[in-house]
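Encoded as structure tokens, the structure appears first; notes follow it.
The values are calculated or read from the model by the stated rules, or taken from the named source; none is laboratory data. Please read these numbers as outputs of a predicted model, since none were measured by experiment. Here the Cβ positions follow ideal geometry from the backbone for every residue, glycine too, while neighbour counts run over all protein chains shown.
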Amino acid sequence: MQSTTRRISPTLIYLFAALVMVGGAMTTTLSISVNAAPYSGKWQDHKGWTFGPIASIQNNKEGKPAWVLSGHWVTNIINSTKDSFNQTKPAKFDAWIDMVMLNGSAMHKHKISNFSLTDATTDTYKGTVTITMKDGPVKDVPVEIKVMNNHVITISLDAAKTNNHFGDTPIYGTILTRQDIGNMMSMMSQKGNMTMMGKGNSSSSW
């Protein structure tokens, strides 16, 4: 009998991994207001702020997919110009990243902070950031943040300042709308209610 087993394309594996990361990181993003000062209070209170998950595959120095990135980001620069900010209302962009090889090894974290905006157009924002690396924080790293169709965000960090740590492609993320977050919170609440009901019913499989 002839085997019907088919090989799965590595590209499909990478795409599946990215989709899985989006689901997990979207839930993590909801906790920004609790875990990330100065973003205290409920997310609804942050008028003009945008949140989203990071879900990206980065290449190694040979240009081959090698790293999985997940995490979350928050900013107030989207749909704003450089003139929108001043000393009392500075431009902000922060990100928290988990980075691990495709085989599950070398798990580590990065934090992007201290964003300083130098130029802004309709969908592209340039500046510098501080990013935590293995040997300590690296300051004044040039960064370019792009927004595509109000759904996707890319973070391009200067390769020389980061020793090409993030490969030759941008870090990708998605942009959550208030409706997205509201829908997720509603779904989580419904699941919590169903779980409580299941505890009182031994026949429940939830």
* Looking only at region 87-112, and only at residues there that are under 13 Å from Asn76 (Cα atoms) and free of Cβ contacts under 8 Å to residues at least 60 places away in the same chain, the one that is surrounded by the most Cβ atoms within 10 Å (Cβ to Cβ) -> Phe93
* Of all the residues that make up region 95-114, how many are closer than 15 Å to Ser56 by Cα and of a type in the set (D, E, K, R)? -> 2
* Asked: In region 113-125, which residues are touching a strand residue (DSSP E or B) at 6+ places or on another chain (Cβ under 8 Å) and either without any contact (Cβ under 8 Å) to a residue 24 or more places away in the chain or in a strand (DSSP E or B) (or both)?
  -> Ser113, Asn114, Phe115, Ser116, Leu117, Thr118, Asp119, Ala120, Thr124, Tyr125
* Within region 147-156, identify whether any single residue is buried (at least 16 other Cβ atoms within 10 Å of the Cβ), at pLDDT 95 or above and more than 26 Å from Asn79 (Cβ to Cβ), and answer yes or no. => no
* Structure fact -> How many residues of region 126-158 are of a type outside the set (Val, Ile, Thr) and more than 19 Å from Lys111 (Cβ to Cβ)? The answer is 6
* Asked: Would a scan of region 162-183 turn up a residue that is modelled with pLDDT under 95, basic (Lys, Arg), surrounded by fewer than 16 Cβ atoms within 10 Å (Cβ to Cβ) and more than 21 Å from Ser80 (Cβ to Cβ)?
  -> no
* **Residues located in region 36-95, provided they are at pLDDT below 95 and acidic (Asp, Glu)** => Asp45, Glu62, Asp83
